[in-house]
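Written out below as structure tokens is the structure these notes cover.
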Amino acid sequence: MRPDPCSSCSEKYLREHTAGADDLIFTRRQFLERTGMGMGALSLASILGLNVVDAQGAPVSAATKAMSPLAPRQPHFAGKAKAVIHIFAEGGPSQVDTWDPKPILDKYANKTIPGHDGLAYASPFKFTKSGKSGIEVSEVFPKLGECIDDMAIIRSMWTDIPAHDVAQRFMNTGSLQLPKPSLGSWVVYGLGTENQNMPGFVTLGGDPEWRQASFLPGVFQGCNVNYRQNMPLEEVLLNIRNQFTPLDRQRRQLDLAAKLNQMHQKAIQQDAQLEARIEAFEIAFKMQTEATDAFDITKEPAEARTAYGTSDLGAKLLVARRLVERGVRFVQVQAGGWDHHAGLDQNLRRTAGAIDSPAAALLKDLKQRGLLDSTLVLWGGEFGRTIVKDRNGNDTPGRDHNGRGFCAWMAGGGVKGGTTYGSTDEFGARAVENKVHIHDLHATIMSLLGFDHTKLTYRYNGRDFRLTDNYGNVVKDIIA
Amino acid sequence: MLSRSLFLTGVFMASAAFAADPTPEQIQFFESKVRPVLSAKCYKCHSLEEGKAKGGLTLDSKAGLLKGGDTGDALKAGDPDGSLMIQAIGYKDKDLQMPPKGEKLTNSEIADLTAWVKMGAPDPRKEVAATKLTGLTDKAREHWAFQPVKKPAIPLVKNRAWCVTPVDAFVLQQLEAKGMVPSPPATKEALLRRATYDLLGLPPTPQEIYAFLADDSPQAFVKVVDRLLASPHYGERWARYWLDSARYSDTTGGERNAARADYRFPYAWTYRDWVIKSFNDDMPYDQFILQQLAADKLPKNTTANAAALGFITVGEQFENANDVINDRIDVVTKGFLGLTVSCARCHDHMFDPIPTEDYYALHGIFASTIEPGEQPLLGVTSDVKLAEDFKQKLAAIEQENRTKYYDVISEQTALFREKPSAYLVAGHKRAQASSEKDQLEADQIIRDQKLDVQLMREVLRELRKDDPILGPLARFINGGEKPAVILADLEKPESKVNPLVAGAFKGATPKTLEEFAKLYDKAFASVGSKAKDVVQAYATAQSGAVTVDATMAQLVEFPFELVAVSELSTNRLRQISGNWPQQMQNKANFSFAKINELLLTHDGAPSKAMAVADAMKPRDSQVFIRGQADVRGDSVPRRFLEVLSDGRPRAFKQGSGRLELAQAIASKKNPLTARVLVNRVWMHHFGQGFVRTPDDIGTQSEAPSHPELIDYLSHYFMEQGWSQKKLHKLIMLSKVYQNSSYKNAAYEVSDPENRLLWRANIRRLDFESLRDSLLVYSGQLDRALVRNANGTISPAGGQPVNLTDEPYSYRRSVYGYIDRGNLPELMSSFDFSNPEMTNSARTTTIVPQQALFLMNSPMAVDVARRIIARPEVASVREDHTRILRIYEIIFQRQPSPTEIKVGVEFLTAENRAQTALVASMKDNVEKAQKDVEKKQSEMMGRNDGAKAIQNEGKLVERRSLTPYETYAHALILSNEASYIN
């Protein structure tokens, strides 16, 4: 490329240097090379969405679908999990009150424990052995207790910095500080999605940072839906219905826009953002019929509605199942409220109670539909809590943040049910045996989906990035 | 897993070993075998000397070793296996290997350290008398951003002919070093569009395009830049950027419900309008800083500038005062300095040279800053009728509130007077519960007597020895004084005890809590029906004089406070009721929200400044150890950050110190202020800054892409009197700015992020530009800078409007109502800045919701219709010209012949298809229209303090589109309309 300093108006340059098809293919190939997917021959038409122009509204051909960055792709090896439902227990659930019983704390109640500032706080909750596996389950999770034989409890989670924003970012993106792609974005980048009429990655609440695509192409970003039950669909998905233009006419509008976009791209050359925008319009168009159905839980039989409960959270998990059923790859449900600095006795009971029935209903429902084997359900927060009382919770005790030990559980998607993995020290304060770092958890999730986490990379700014940075060991013992 | 006994032993031994003095042999061993290894291999990352405390661990002092790091105790004396440090050097744990990769200690070094720990880790080092502040070392100070701004020489480049401004030389120098050349200049259309969006956030008009194309003079673009900088829309565009940095919102955040009376700020918009005006006036940036931090303290300042102080006050209103102070420290330091000082709230900053003391030095300044009860008046409407109408409406709501106040006080005090002894006994037992028995008894009474627990808490609050009512009881149960003494004191003339209470005690001989409490039943029984008269007297009192028996009144109001109606301003009422139990506040259900609503929507409302003032007695703050308010360390004088001070920072002496703080920030000597501003301006012109974290240019940020250029511009900026307009001009007249966005396959590989600026970046329109552009297309944009909610032009400014819901406002998006607790879905899906805190860089995401807005929203459809209704479109019949006009409106350029052909084809097909429009659509449309009418009728009268503002006006008619409208709508969907290239 040669600068043309003499020309005040560079239309001539534009004419002579407008990118030809070769340039576009090169860029596109480069894009795909970056994705490390090596998908073979390319069709310029598919890149630019020309199919929709030429087909005059006819359904998108299978061949074209395969070219889309959201098209389903094979992982590195056969993974059992095809979809993920991440129930994010934001706030930092206390391990010793949920999945890591430490009866010894009763003996130390209101006394000091060497090495810990403050007075020990024994869990106010009873644990009972549940299921065939006999894993001890806190009384706050009576319903999940019934599912324990399908669940793998990790009792030795740990993270780096026990501050909410940092730790939440870490759990959801594998990065402490810098903006990096979210877990869901990596998964959809790796696997594409089964339903081209829906976003591949849907979040029901949560911080935008937890669904960001960052340097991955924009199409892999999570699409957030502010779902509440009984909310009219028009409010759940703003502008989901057009009250002015019938769909066939709108199809023609989009075809015209696509044609213009093609000319525009030619003029200013290929750009990943512009491609992503074309993709977004196509998904949006199809969502009008598909999503309407997915979010309409009134179509569920009454017993299902009852099982998931009457809360918004229950409805969200039911929607999550409906989404996964329709081929959405990754669903994240925000189920927070675990930051129990004070009043833990009542408040944790309430928070746990809110998720207990819905989560149990989800597991049973997935199982009954034969979807549990292929759907990985993950529950966990960003860190755990101290075994001593929080200094600020004077009247009604609670617990402070603790990154050195906490719990998470997984079920389905090839996870070995009825197992516990790792352990904390005698008091439950820090993970000591078979420690599982956030990076390890991410590596394990990717492995269940069929990926070698060290090989699912994206080349950006001269270097290959991956979800797990330079860390991460797969926890093989919880994989069936 | 460590066994418990080992674990405990380790800890105890550690303390024991450190307590004892090391023997001479041990000293010898430490000095010859241990210290050299620590010093050579560990101090690099773990010492105060180097200013590094990775993992929170320092090893160059005994205290540091003892304290351990973030992952726990570094060593357990006597127990090498249980010592993290020994585990780490032994590379036994994959996640804990020290020193890191490739620097593993030799086997003999490991053996020495292990032996040393085994012998109890004797450490002969004496403590350093005054340890340096963590991080505040020469090394951390060396970070580029802390160096003074110096004017760099303009570099010599090979292709001098290409350069027009110094900016070009700096950019070209780096390109040439890589053997790269800049992309060719942008087309004139693209350039004008870019410049107009950049400076105004609006598209150029077709006339402006044609004028620019026709202007062949070398000054053509200079004229454009001058014209744009002089436009009042410039301030609207650039103020919005600053409002992102200033975390601007029209609401307090926090719990959001109708009961939250003061959820909305009634006057935040006066700050927003002040910012807009300042940009339009090109207020020098140093002034801009001084005004926002200390307008109240600047000599000879105008009243209008008081609005600037909204910068401090429009943040989230946390319940905890320290969180509010933290918000203010955060916005000041990120906003002006690009430093994350709030990280130092709980500990010294992990990465930047900001010790906790610095944080508390600023804490003192904001702890000494208050919000005055009465906000400075900025303006009132000159329309007498409007003003009168406002006054009457306000008076009605205020009277309603006062009535509620007296009703609730009457009700709650009566509740207490029914069973004073029960409240006192149960309350005391519960509060003082020394045994489970007490607790159970208290609970029993509460249940049996159906006591109100919140009311009980209020009663207990009065249980003080000097309380005129409960004093005698307090002396007995809390002071442990003898009943006889207490009773005898009641007889004394100097007794402060309420005579009616004293009367009830006369002749009694109480011995127990219960007996004491019973006497209060007697005292309060004397109130009876007199309560009503007392309350009535307060409720009708004229100018403060309440004619009532004060002794009786004391009993009537217990445990609350009766205020005379003449003293009961809304502010006072807020203050009083804010201290009430939540239940009681709910019961009262004061219509504060209605007042805010009125202030925010009535055109006759006055405008006021969200000002601050210095506290009567400014004070220094003590360090909160680990951020805990109840564990205080040393007091720190109010002063500036140490790293930005010449030598030791001097204490601020003038009041809170806000003005001195502002002066320290708005100083040419401050190395950060100008650089942070220049970096942001550059970011908004190019899509990315020299440093891409505009609110953090500390040591954790990436190195600037063009270190000399950022300094050159910073220097220029200050030299030119801190003029942002001059800065824009310098940047925009460069060749670099005028580059085209054409790509180059090779450069795409070597510099995919375009850090070297070999081309212009294509940029998606942000939310405001997109929405404002739609209104420009439709011809509806309301270009008034200051307009009140219902349309009157007010010199004071303009109340916020609803941007996203029908009937949507035609004002520019900068005037939108921003609710930090509930940002409209539409705004967040278009990446509107999160107003929780300073967020100067917006993300650019692409999600289907954005597409749905453009495809289906009533606004987009309305715009398409109105484009076709515009006279220049409607007046022509011939397709080619019509298409041309539509292109001029939406793309600000002429269509190519192909584009016209495609358009005509579309219209022909659409005409054919639409004649066969199915009846079902007609039904749909009719239904939609009905839904919409229903929605509007529901919306009316639903305004309250926590909801979005509703505009007045009509909803978009639900009617299907004509072929031309369908066509215009399709063009709006295209990429070109949403991107600047």
How would the range B:755-874 be classified by its alpha-carbon gyration tensor: rounded, prolate or oblate, with rounded meaning a/c under 1.5 and the a/b versus b/c comparison settling the rest?
oblate
Taking N as the residue count of the range B:175-247, its alpha carbon Rg divided by 2.2 N^0.38 Å gives 1.36
Can you tell me the equivalent ellipsoid semi-axes for chain B? Use √(5λ) from the Cα gyration tensor, largest first, whole Å.
57, 48, 26
When the convex hull of its Cα atoms is projected in every direction, mean area for the protein assembly as shown (nm²)
59.4 nm²
Modelled FRET efficiency - R0 35 Å, A:Lys476 with A:Leu119, Cβ distances, 0.05 increments:
0.35
What nm value, rounded to one decimal, do you get for the distance between B:Gln542 and B:Glu494 when each label is placed 7 Å out toward the C-beta?
4.1 nm
Run the simple label-point estimate for B:Lys44 and B:Asp448 please: 7 Å along Cα→C-beta, distance reported in nm.
7.6 nm
For a label point 7 Å along the Cα-to-beta-carbon line of B:Ala909, residues of the range A:245-260 with backbone N under 12 Å:
A:249-260
Along the range A:86-95, what does the Karplus equation 6.51 cos²θ - 1.76 cosθ + 1.60 (θ = phi - 60°) give for ³J(HN,Hα), rounded to whole Hz, x for Gly and Pro?
9, 8, 8, 8, 5, x, x, x, 6, 6
For the cross-link pairs A:Lys455/B:Lys101; A:Lys111/B:Lys92; A:Lys111/B:Lys465; B:Lys668/B:Lys726, which exceed 24 Å when the distance is taken from alpha carbon to alpha carbon?
A:Lys111/B:Lys92; A:Lys111/B:Lys465
Compute the relative contact order of chain B as a whole-number percentage, counting only Cα pairs closer than 8 Å that sit 6 or more residues apart in sequence.
17 percent
Only sites in a loop by DSSP and with at most 10 other Cβ atoms within 10 Å count here; which GluC sites (Glu not before Pro) in the range B:535-570 make the cut?
B:Glu561
Quick one: which residues, 5 or more positions from B:Thr251 or on another chain, have an amide H under 5 Å from its amide H? H modelled 1.01 Å from N in the peptide plane, none for Pro or chain starts.
B:Phe265, B:Arg820
Inter-site label distance for B:Ser875 and A:Glu139 at 7 Å from Cα along Cβ, in nm:
8.2 nm
Would the range B:374-454 count as rounded, prolate or oblate if I go by the C-alpha gyration tensor, calling it rounded below 1.5 in a/c and otherwise prolate when a/b exceeds b/c, oblate otherwise?
prolate
Can you compute the FRET efficiency between B:Asp21 and B:Lys67 using 1/(1 + (r/R0)^6), with r the Cβ-Cβ distance and R0 = 22 Å? Round to the nearest 0.05.
0.65
Please check which bits of the range B:573-609 a label hung off B:Asp389 would reach, taking the label as a point 7 Å along Cα-to-C-beta and the cut-off as backbone N under 20 Å.
B:594-608
For B:Lys608, list long-range residues whose amide hydrogen, built 1.01 Å from N in the peptide plane, is under 5 Å from its own amide hydrogen.
B:Leu378
Going Cα to Cα from B:Lys901, which lysines come in below 23 Å? Please leave out same-chain ones fewer than 8 positions away.
A:Lys12, A:Lys259, A:Lys266
For chain B, calculated [θ]222 nm from helices alone, where every DSSP H run of n ≥ 4 adds -39500 (n - 2.57):
-14500 deg cm²/dmol
Can you give the local net charge around B:Leu298? Use residues other than it whose beta-carbon is closer than 15 angstrom to its beta-carbon, Lys and Arg +1, Asp and Glu -1.
-1
Could you list, in their original order, any pairs among B:Lys158/B:Lys178; B:Lys450/B:Lys587; B:Lys150/B:Lys178 whose Cα atoms are separated by more than 22 Å?
B:Lys150/B:Lys178
Long-range amide H partners of A:Asn224, meaning residues 5 or more apart or on another chain whose placed amide H is closer than 5 Å, are A:Thr203
Residue-wise, which Karplus ³J(HN,Hα) couplings in Hz belong to the range A:325-337, taking 6.51 cos²θ - 1.76 cosθ + 1.60, θ = phi - 60°, and x for glycine or proline?
4, 8, x, 5, 7, 9, 10, 10, 10, 7, 9, x, x
Give the aspartates and glutamates whose C-alpha is closer than 18 Å to that of B:Lys300, dropping any in the same chain fewer than 8 places away, or say none.
B:Asp286, B:Asp614, B:Glu660
³J(HN,Hα) across the range A:147-156 via Karplus (A = 6.51, B = -1.76, C = 1.60, θ = phi - 60°), whole Hz, x for Gly/Pro?
9, 4, 6, 9, 10, 10, 9, 9, 9, 10
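None of the figures in this text is laboratory data; all of them are computed from the coordinates on show. None of the values given here were measured: they were computed from a predicted structure. All Cβ positions, glycine included, derive from the backbone under ideal geometry; neighbour counts span all protein chains shown.
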